[in-house]
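Below is one structure, written out as structure tokens, with a few remarks after it.
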Amino acid sequence: RKQNEDGTYESVADYKARNLWRVDGPKSGYYFNRAAKMVDFVLTPDHSGAWSRNARAAAMIYFIGGSISSSVVNVMSIPMLLVPQLSVHTGYTNGLTTALGAWKLTWQHQAILRDITRLKNLNKDPNNALPGIDEVPGLRDALIAAANKLQDTELYQIMGISQGQLFSQSRMVRRAMDVWMAPFRISEQTNRITSFIAGYKIGQENGLTGTELFNFARKMVDSTQNNYSLSNRPGIATSPIGATLFVFKSFPLFMVEAAVLMYKA
């Protein structure tokens, strides 16, 4: 049941009225079919077909693999996307300085922040402190809790890493791919960590705490650095042809979101 702004919960009648499972029945209706198709799309390893996956991988390798320039363009999402989104929740100047400060911190500690094992094992004594990170109450623990989202990258989907396809290759092939795709992957992950840190700080300034603060920072990542979950796809991008056409979906899809965010700011 949905919680209202005043802390109360919606009535049982309202809940039943919007409960599609009760309205349509568990095995019928448009929404059930849509949900079933999405489950199949997410759980089927080669959902888009071998030719589509190979085409997307080839496009990724050719256009951004090993490209420093694509990484530079990618990191520009911090001033272009993150700052306008932060300015919705604070003053523009504060949003800018917070984003740039988080950006600097992330690149300063990126080797540790992108390695969840090192981040977890790093003791919190003064000798092993992360300057700028540990001064913010709860930030390190929040970074650890959000590690899966912050270390996500579109490469995991396009190159088949998330479904074990790349790891079926030889060790030499895997190493070569890791090196070739490293510039773009590193820039993606640092952008996501930067967005989380900046969102966490702005959330604290606005009086948020606990789960509410954590969710605010996570939402900042999703709204500025893309949500790479397979379930977060428009219908056209789930077909073999659509998946190929939208391989670089940051331009046709998320630039529209950027325009909306900048208009709100």
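Things to note:
- Top-ranked residue of region 1-49 - restricted to ones that are at pLDDT 70 or above, among the charged types (D, E, K, R) and within 30 Å of residue 239 (Cβ to Cβ), ranked as least open to solvent (accessible area, probe 1.4 Å): 40
- Pairs with Cβ under 8 Å, 6+ apart, first in region 130-149 and within 16 Å of residue 98 (Cβ to Cβ), second open to solvent by less than 40 Å² (accessible area, probe 1.4 Å) and of a type in the set (Ser, Thr, Tyr): 136/200; 139/200; 142/200
- Filtered residues of region 141-160 (kept if at pLDDT 65 or above and outside any loop (DSSP other than H, G, I, E, B)): 141, 142, 143, 144, 145, 147, 148, 149, 150
- All helices (runs of 4 or more DSSP H) inside region 73-126 with 2 or more residues being without any contact (Cβ under 8 Å) to a residue 24 or more places away in the chain and either in contact with a strand residue (DSSP E or B) (Cβ under 7 Å, 6 or more places away or on another chain) or surrounded by 15 or more Cβ atoms within 10 Å (Cβ to Cβ) (or both): 92-108
- Residue check for residue 52: surrounded by 12 or more Cβ atoms within 10 Å (Cβ to Cβ), at pLDDT below 75, more than 18 Å from residue 186 (Cα to Cα) and among the small types (Gly, Ala, Ser): yes
- The one condition in (1) in a loop (DSSP other than H, G, I, E, B); (2) within 22 Å of residue 184 (Cβ to Cβ); (3) modelled with pLDDT of 75 or more that residue 221 fails to fulfil: (1)
The values are calculated or read from the model by the stated rules, or taken from the named source; none is laboratory data. Since we're looking at a predicted model, the values are computed, not measured. For neighbour counting, all protein chains shown are included, and Cβ atoms are generated from backbone atoms with ideal geometry for every residue, glycine included. With ligands, DNA and RNA removed, areas are computed over all heavy atoms of the protein, side chains included. Shrake-Rupley method; radii C 1.70, N 1.55, O 1.52, S 1.80 Å.
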